[in-house]
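The values are calculated or read from the model by the stated rules, or taken from the named source; none is laboratory data. It should be emphasised that the depicted structure is a prediction, and the values quoted were computed from it without experimental measurement. All Cβ positions, even for glycine, are placed from backbone atoms using ideal geometry, and neighbour counts span all protein chains on display.
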Amino acid sequence: MAAWLGFAAFAAGQQARRSPISTLIDARPADLLVSPPSSNWPSYNGDYTGRRYSILSQINLNNVRQLRAEWVFHSPNSDSMEVTPVVINGIMFVTSANDAFALDARTGRAIWHHTRPVTEGLIDDAAAHHNRGVGVWHSRVFMETDNAHLLCLDARSGNLIWDMPYADTHKNYGATSAPLVVKNEVLVGTSGGDDGVRGFLAAFDARTAKRLWRFWTIPGPGEFGSSSWPGKSYLRGGGSTWMPGTYDPELNTVYWGTSNPSPDFDGRVRPGDDLYTDCLLALNPDTGKLKWYFQFTPHDLFDYDATETPVLIDAFYRGRPRKLLVEANRNGFLYVLDRTNGHFLSAARFAEKLNWAKSIDAHGKPVLTGIEPDAKGSRICPGFSGATNWYAPSFNPSTHLFYFMDLEDCDIYYRKPQQFAEGQTYYATGTHRVPGERAQKVLMAYNLDTGRFEWKYPQIGQGQSWAGTLTTSGGLVFFGDDSGYFEAVNAKAGSPLWHFNTGQNLQASPMSYAIEGRQYVAIAAGSDIFSFALPY
């Protein structure tokens with residue numbers, strides 16, 4: 001159901017500013033190829049590279065201290081928004097639970113609101129009704145719902161064009177991600193990796209809703225990698241695809257991460273490496289065929305999903321130009337791969353609290369310590385939330401620094417056999433906090449040239465924030481800190497420059513856009529969208 005709140009008035013205002021109505025909302029495939037983003041922010045990460053680097057520089061080192069809140073939009077149905085706004089020609093699209101909004105990105109005023117009730121009877125992540133945003137294609141807006149439907153909305157009115165269910169919620173599937181639009185396809189994944197689903201990535205025709213392909217992340221009987229999945233265990237092996245991937249148009253390759261295997265903490269029922277869980281998959285977007293894969297944590301016993309953003313960087317590396325893929329992984333190591341073939345190039349430990357592995361060997365495999373969950377409980381680091389997670393990293397080509405948030409934390413892991421049952425989680429027991437220990441968030445800057453960490457910016461808080469980063473050509477890194485503040489630091493030195501108290505826990509990542517030459521920076525905090533700009 002869409003409530004039309006004033007597109008005509010908005011369009012009239014834009015026309016008065018000499019912006020033709022016909023060009024207000026038309027996100028052509030060529031527009032989605034623009035990198036780095038400028039006035040528009042047309043996808044979850046800004047562009048296909050996942051770098052979250054904005055070319056805008058009006059807000060910079062010299063004036064960021066003058067930044068002020070320009071407007072605030074309040075969402076009525078969520079107190080923990082995880083959305084990254086998308087902006088096309090002055091119109092901002094955001095999601096909150098199963099609702100979508102179009103806003104005037106200059107003022108925050110609602111243009112339309114498409115509402116849909118949250119789904120009852122879901123479990124685990126899907127039951128929290130989180131939604132991380134939309135994909136756009138021409139004048140269509142795509143969003144996933146908590147019960148794994150792909151909705152196509154008219155970007156000008158919010159009216160529903162089509163509704164395509166793509167997973168069976170009675171089998172523990174859900175969705176929490178933002179779709180990725182590639183060419184004329186909409187790529188979607190699911191949640192449920194802790195709940196005994198069989199993970200997959202699917203592509204749909206943006207115009208007709210026809211499913212074009214589906215790649216199962218857990219191989220079936222007789223397929224390569226199926227030895228880890230005896231009997232019918234492949235049907236509940238996990239490997240969900242709950243975050244958007246990235247895309248290289250030159251190589252025509254989509255890069256998508258997969259989650260942990262199921263059950264999480266009892267590996268005795270899933271022997272071997274458990275492909276393709278905790279993997280980075282390189283797929284042909286035209287066919288869904290696998291080109292290569294890289295597994296970060298074989299036979300994962302710790303819930304170390306590999307759904308962190310795979311960032312695509314073209315740079316000189318070790319003396320020659322390379323097409324790189326960089327990922328700070330939940331297991332506590334930062335990886336550099338050759339994205340043309342998946343070859344492992346290097347790994348750097350970033351988590352100080354790390355005891356599940358000694359190191360990463362020359363082939364990219366972890367050298368294990370032998371610590372694992374048991375019936376009495378084992379202290380394992382990083383903990384259940386990982387050394388990093390889905391909160392967005394960023395890369396600045398001027399500094400050659402890769403920015404991401406580190407979580408220093410440990411948990412006590414327990415293992416207990418569990419029979420799979422529909423409608424129940426499938427962890428094979430769980431984790432507890434370590435008495436007397438506290439978590440800490442640290443903003444990290446990794447130097448791609450030297451292979452060292454350039455600086456670290458420790459946070460004050462309880463390690464409970466889930467906010468990511470944005471970097472700009474103005475020499476800044478914006479991020480949500482661990483105490484409810486939206487902050488900016490010097491991208492080269494890590495020195496603090498500006499902060500704003502949102503008064504809420506931050507669980508989203510920032511973005512930037514411009515209207516008629518004026519730059520804005522926006523982030524979701526709690527139940528609100530905040531947009532900031534310099535004073536006129």
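Residue-by-condition table, conditions (1) without any contact (Cβ under 8 Å) to a residue 12 or more places away in the chain; (2) part of a strand (DSSP E or B); (3) closer than 20 Å to Tyr44 by Cβ:
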residue: Phe486; (1), (2), (3): no, yes, yes
residue: Val489; (1), (2), (3): no, yes, no
residue: Lys492; (1), (2), (3): no, no, no
residue: Gly503; (1), (2), (3): no, no, no
residue: Gln507; (1), (2), (3): no, no, yes
residue: Ala514; (1), (2), (3): no, yes, yes
residue: Tyr520; (1), (2), (3): no, yes, yes
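Restricting to region 216-252, what's the tally of residues that are in a loop (DSSP other than H, G, I, E, B), farther than 25 Å from Gly50 by Cα and not acidic (Asp, Glu)?
Residues flagged as in a loop (DSSP other than H, G, I, E, B), farther than 25 Å from Gly50 by Cα and not acidic (Asp, Glu) within region 216-252 amount to 12.
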Would you check which residues across region 212-234 are out of contact with any helix residue (DSSP H, G or I) (no Cβ under 6 Å at 6 or more places or on another chain) and surrounded by 15 or more Cβ atoms within 10 Å (Cβ to Cβ) and list them? Leu212, Trp213, Phe215, Trp216, Thr217, Gly225, Ser226, Ser228, Trp229, Ser233, Tyr234
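When you look at Phe294, is it more than 18 Å from Ala445 (Cα to Cα), aromatic (Phe, Trp, Tyr) and surrounded by 18 or more Cβ atoms within 10 Å (Cβ to Cβ), yes or no?
Spelling it out, Phe294 is indeed more than 18 Å from Ala445 (Cα to Cα), aromatic (Phe, Trp, Tyr) and surrounded by 18 or more Cβ atoms within 10 Å (Cβ to Cβ).
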Is one or more of the residues making up region 4-20 within 25 Å of Tyr247 (Cβ to Cβ) and either modelled with pLDDT of 50 or more or β-branched (Val, Ile, Thr) (or both)? no
Could you say which residue among Val336, Val269 is in contact with a strand residue (DSSP E or B) (Cβ under 9 Å, 6 or more places away or on another chain) and either within 25 Å of Gly451 (Cβ to Cβ) or surrounded by fewer than 24 Cβ atoms within 10 Å (Cβ to Cβ) (or both)? Val336
If you scan region 477-531, which residues turn out to be buried (at least 22 other Cβ atoms within 10 Å of the Cβ) and touching a helix residue (DSSP H, G or I) at 6+ places or on another chain (Cβ under 8 Å)? Ala488
Test: Tyr413 is closer than 25 Å to Asp125 by Cα, part of a loop (DSSP other than H, G, I, E, B) and within 27 Å of the chain's Cα centre (by Cα): no
Only one of (1) part of a strand (DSSP E or B); (2) at pLDDT below 95 fails for Ala69. Which number is that? (2)
Assuming Gly474 fulfils every condition listed in (1) over 22 Å from the mean Cα position of the chain (by Cα); (2) touching a residue at least 24 places away in the same chain (Cβ under 8 Å); (3) on the phi > 0 side of the Ramachandran plot apart from one, which condition is it? (3)
Return the pairs, sorted by first residue and then second, in which the second residue is among the basic types (Lys, Arg) and buried (at least 24 other Cβ atoms within 10 Å of the Cβ), the first residue lies in region 162-188 and is in contact (Cβ under 8 Å) with a residue 60 or more places away in the chain and on the phi < 0 side of the Ramachandran plot, the beta carbons are less than 8 Å apart, and the residues are 6+ apart or on different chains. Thr176/Arg132; Ser177/Arg132; Ala178/Arg132
Enumeration of residues in region 344-362 that are crowded, with 16+ Cβ neighbours inside 10 Å and not in a strand (DSSP E or B): Phe350, Ala351, Lys353, Leu354, Trp356
Identify, from the list His113, His130, the residue that is crowded, with 18+ Cβ neighbours inside 10 Å, over 18 Å from Ala514 (Cβ atoms) and either hydroxyl-bearing (Ser, Thr, Tyr) or under 22 Å from the mean Cα position of the chain (by Cα) (or both). His130
Hey, any hits in region 363-377 for a residue that's over 22 Å from Met243 (Cβ atoms), of a type in the set (S, T, N, Q), in a loop (DSSP other than H, G, I, E, B) and touching a residue at least 60 places away in the same chain (Cβ under 8 Å)? no
Within region 150-167, count every residue that is surrounded by fewer than 20 Cβ atoms within 10 Å (Cβ to Cβ) and aliphatic (A, V, I, L, M). 3
Number of the condition not met by Val64 [criteria: (1) in contact with a His (Cβ under 8 Å, 6 or more places away or on another chain); (2) within 26 Å of Asn505 (Cα to Cα)]: (1)
Quick check on my filter: what residues within region 100-117 are outside any loop (DSSP other than H, G, I, E, B) and hydrophobic (A, V, I, L, M, F, W, C)? Ala100, Phe101, Ala102, Leu103, Ala110, Ile111, Trp112
